[in-house]
Amino acid sequence: MAHIRCDFFSEVLGLSTSMSVILPQRAPSQDASEAPVSTSTVAPPNPQVLYLLHGFTDDDTAWIRRTSIQRYVSSLGLAVVMPQVHRSFYADEIYGNKYWTFLSEELPELVDGFFKVSSSREDTFVAGVSMGGYGAFKWALRQPERFAAAASISGSLGMATRPRPGDPKKDLLDRIFGDTLIEGTNDDVGWLVQNFDQAAGQIAERPAGLSGIVMPQLYMCCGTEDNLIQENEKFLALARRKGAPVTAGFGPGGHDWDYWDARIQDVLAWLPLRGRI
């Protein structure tokens with residue numbers, strides 16, 4: 001595997017930012033006791049790609065530092081792209097920067113330009129933890145033509161009713177979303193899943209000619225000791241009433257990296273990767 005920290009300038013954000021990237025490398029062995037790998041060894045062409053999103057207090061290096069994601073994907077032939085979005089909730093901020101536009105428009109173009117990865121829908125996935133779980137579902141439901149599957153781990157899926165009285169994040173959320181609730185908008189993942197029309201293609205951002213696009217496969221999990229468990233259960237109920245293709249698992253665990261390191265392995269086992277579908 002190759003681990004790349006990519007620093008670049010974002011035209012959308014108007015500033016320099018970064019992403020961490022894992023790229024597959026075809027090699028007969030990585031055992032240091034054996035002979036060096038031949039210089040003719042090359043990465044598999046156009047690998048599938050997972051966009052892996054960070055949480056509220058983290059950055060693009062968090063998954064590398066806090067989990068064994070590089071080891072978990074080493075045998076899968078899967079590229080992993082981890083962008084930096086600060087505390088934006090993957091939104092175009094009212095009083096800030098256009099992180100949604102960066103994520104959904106500029107980032108995939110940069111990835112396609114920098115790296116040899118597949119851009120086909122069946123080869124593209126998104127997942128995230130906490131704030132990133134919210135971002136993953138929002139991205140997949142607003143741009144379903146891009147993704148075959150999306151996963152939320154301990155996702156902040158109840159953003160539609162925030163901020164609540166006494167919420168310590170109120171000032172931050174007002175800066176991002178304004179001083180009104182996002183319920184019933186394209187930033188409300190519950191509204192997105194309820195209003196996903198597979199026949200008519202009603203989501204406003206969906207390009208012309210894509211009516212009838214099917215909803216990406218969804219995976220969600222949350223620890224039963226996590227304070228986000230109720231909003232995850234509520235989202236699951238909405239998705240199932242809609243008939244969404246959702247797989248869910250709730251079990252012991254908190255809002256922490258011990259739980260997330262275990263669950264990202266479940267996500268990788270669930271993804272429709274080449275050779276096992």
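The values are calculated or read from the model by the stated rules, or taken from the named source; none is laboratory data. Everything numeric in this text was worked out from a predicted model, so none of it was measured. Positions of Cβ are backbone-derived with ideal geometry, glycine not excepted, and every protein chain shown enters the neighbour counts.
For the stretch 77-106, what are the residues that are part of a helix (DSSP H, G or I), within 30 Å of residue 227 (Cβ to Cβ) and not small (Gly, Ala, Ser)?
Hits for the stretch 77-106 are 99, 100, 102, 103.
Please go through the stretch 168-187 and pick out each residue that is farther than 15 Å from residue 93 by Cα, of a type outside the set (Gly, Ala, Ser) and either touching a His at 6+ places or on another chain (Cβ under 6 Å) or surrounded by 12 or more Cβ atoms within 10 Å (Cβ to Cβ) (or both).
Passing the criteria: only 183.
Hey, could you check the stretch 59-71 for residues that are within 12 Å of residue 84 (Cα to Cα) and not acidic (Asp, Glu) and say which is surrounded by the fewest Cβ atoms within 10 Å (Cβ to Cβ)?
61
Among the listed residues 61, 41, 101, which satisfies the condition of being among the hydroxyl-bearing types (Ser, Thr, Tyr), out of contact with any helix residue (DSSP H, G or I) (no Cβ under 9 Å at 6 or more places or on another chain) and modelled with pLDDT under 95?
None of the others qualify; the one that does is 41.
Scanning for something among the aromatic types (Phe, Trp, Tyr), surrounded by fewer than 24 Cβ atoms within 10 Å (Cβ to Cβ), in contact (Cβ under 8 Å) with a residue 60 or more places away in the chain and assigned to a loop (DSSP other than H, G, I, E, B), does the stretch 49-58 turn up at least one residue?
yes
Report, ordered by the first and then the second residue, all pairs with beta carbons closer than 8 Å, sequence separation of six or more or different chains, a first member in the stretch 243-257 that is more than 16 Å from residue 137 (Cα to Cα) and in contact (Cβ under 8 Å) with a residue 24 or more places away in the chain, and a second member that is of a type in the set (Ser, Thr, Tyr) and surrounded by fewer than 16 Cβ atoms within 10 Å (Cβ to Cβ).
These pairs meet every condition: 250/224; 251/224; 252/224; 253/224.
Looking at the stretch 122-136, can you tell me whether even one residue there is at pLDDT below 95 and either in a loop (DSSP other than H, G, I, E, B) or closer than 25 Å to residue 229 by Cα (or both)?
no
Considering each residue of the stretch 110-133, count those that are surrounded by fewer than 18 Cβ atoms within 10 Å (Cβ to Cβ) and closer than 17 Å to residue 274 by Cα, and give that number.
6
Give the residue that is surrounded by the fewest Cβ atoms within 10 Å (Cβ to Cβ), with candidates limited to residues of the stretch 219-242 that are among the acidic types (Asp, Glu) and more than 18 Å from residue 138 (Cβ to Cβ).
Per the stated criteria, the residue is 225.
State which residue pairs qualify: first residue under 18 Å from residue 123 (Cα atoms) and inside the stretch 258-277, second residue among the acidic types (Asp, Glu) in any location, beta carbons under 8 Å apart, and separation of 6 or more residues or different chains.
Final answer for the pair search is 272/122; 274/123.
When you scan the stretch 238-251, how many residues do you find that are modelled with pLDDT of 95 or more and within 13 Å of residue 189 (Cβ to Cβ)?
Summing the residues that are modelled with pLDDT of 95 or more and within 13 Å of residue 189 (Cβ to Cβ) in the stretch 238-251 gives 4.
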